[in-house]
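Peer 1: Please see the structure below; I have some questions.
Values in this text are rule-based calculations from the coordinates and carry no lab data. Note that the coordinates shown come from a computational prediction; the quantities given were computed from them, not determined experimentally. So basically every Cβ, Gly included, is an ideal-geometry build from the backbone, and we count neighbours across all protein chains shown.
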Amino acid sequence: MRPEPLRLALDAPARPEVLDALHDLLGRAWAQCPAVTGTDRMSVELAVAEIAANIVEHTAGTDEQIDMTAGVAVHSDRVEVDLSDSGDPVSVDFAAASLPDDELAESGRGLALARAVVDEVSYARDGELNRWRIMRRLVP
Amino acid sequence: MEFHTTEGVEDEAVAIIHLKGRLTMVSTAELRALVTDTVGDGRNRIVVDLSDTDFIDSSGLGALIAGLKTARQAGGDLRIACPTEQVEMILKLTNLDRVLRPYDTVEGAVGAA
């Protein structure tokens with residue numbers, strides 16, 4: 001019988017403070033799932049932080065408040081984090097994301113980093129929402 | 001994130017910026033301003049102590065690089081010391097361990113600054 005995954009969720013405005021809320025949410029997940037290794041934890045936290053920061057940046061400057069939701073599911077063999085935001089559609093190509101040529105570039109690494117540390121990171125438009133999925137298989 | 005600045009024990013001209021907490025878009029503006037102010041005060045050799053830095057993302061790296069450029073433009077340099085495991089991971093993933101070159105100790109970074 002497969003055990004039920006641990007599920008946690010959060011709802012918050014897409015402002016910089018949501019990054020701390022997401023870290024805290026993941027921290028609560030890890031506290032209940034001690035078998036998740038340090039490398040898996042750091043990798044998921046980094047990917048989530050990069051995607052969330054991307055959402056905050058792309059939704060800044062609009063008058064209306066944009067909301068984000070996050071759902072974390074810790075399975076026995078993987079961690080899934082689903083983020084969604086109510087902002088305008090975005091154009092993102094994870095396959096093409098790479099580190100900037102300029103070593104001293106101050107930005108432009110986020111999507112490439114997210115892709116490098118987890119097994120799946122994807123974007124889809126779903127009605128009025130942007131949906132972002134992050135999945136990392138757990139080291140057994 | 002909390003910031004506080006001290007001076008190098010071996011060399012008082014070196015400013016040591018201690019970062020405690022997470023360096024993300026929430027705190028990067030403050031770090032950039034702190035480095036600019038430190039350099040503006042005539043202290044262009046800076047060591048950033050990361051021993052209490054739980055987490056850095058790409059925005060945080062961008063702020064460290066900005067600080068490096070500010071220090072170098074003023075004829076100085078910025079070095080990082082005592083990276084935590086998470087910091088080491090992100091430096092390696094981005095190849096920035098060659099640009100930011102972490103030191104194992106603050107003293108080592110001060111000595112080389």
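Peer 1: What do you get for Rg/Rh of the stretch A:1-132 when both radii come from the Cα atoms and Rh is the Kirkwood radius?
Peer 2: 0.97
Peer 1: Going toward the positive end of the dipole of the stretch B:62-113, with +1 on Lys and Arg Cβ and -1 on Asp and Glu Cβ, which of B:L93, B:L64, B:G75 do you reach last?
Peer 2: Farthest towards the positive pole: B:G75.
Peer 1: Counting Lys +1, Arg +1, Asp -1, Glu -1, what net charge surrounds A:R133 among other residues with beta carbon under 12 Å of its beta carbon?
Peer 2: Residues close to A:R133 contribute a combined charge of -2.
Peer 1: What's the center-to-center distance, using Cα atoms, between the stretch B:48-112 and the stretch A:65-140 in Å?
Peer 2: 25 Å
Peer 1: Just tell me the longest site-free run in chain B, where the sites are GluC sites (Glu not before Pro) in a DSSP loop having at most 14 other beta-carbon atoms within 10 Å.
Peer 2: After excluding every exposed loop site, the longest remaining stretch is B:13-113.
Peer 1: Within 10 Å of each candidate Cβ there may be at most 15 other Cβ atoms; applying that plus a DSSP loop requirement, which trypsin sites (Lys or Arg not before Pro) in the stretch B:79-108 survive?
Peer 2: Counting only loop positions with at most 15 other Cβ atoms within 10 Å, the trypsin sites (Lys or Arg not before Pro) in the stretch B:79-108 are B:R98.
Peer 1: Give me the net charge of B:G42's neighbourhood, meaning all other residues with Cβ under 15 Å from the Cβ of B:G42; Lys, Arg count +1, Asp, Glu -1.
Peer 2: Taking every Cβ under 15 Å from that of B:G42, the sum is -4.
Peer 1: Follow-up. Please identify every one of the GluC sites (Glu not before Pro) in the stretch A:59-140 that sits in a loop by DSSP and has no more than 16 other beta carbons within 10 Å of its own beta carbon.
Peer 2: Sites meeting the loop and neighbour criteria: A:E64, A:E103, A:E128.
Peer 1: Add -39500 (n - 2.57) for each DSSP H run of 4 or more in the protein assembly as shown, then divide by its residues: what number comes out at 222 nm, to the nearest 500 deg cm²/dmol?
Peer 2: -11000 deg cm²/dmol
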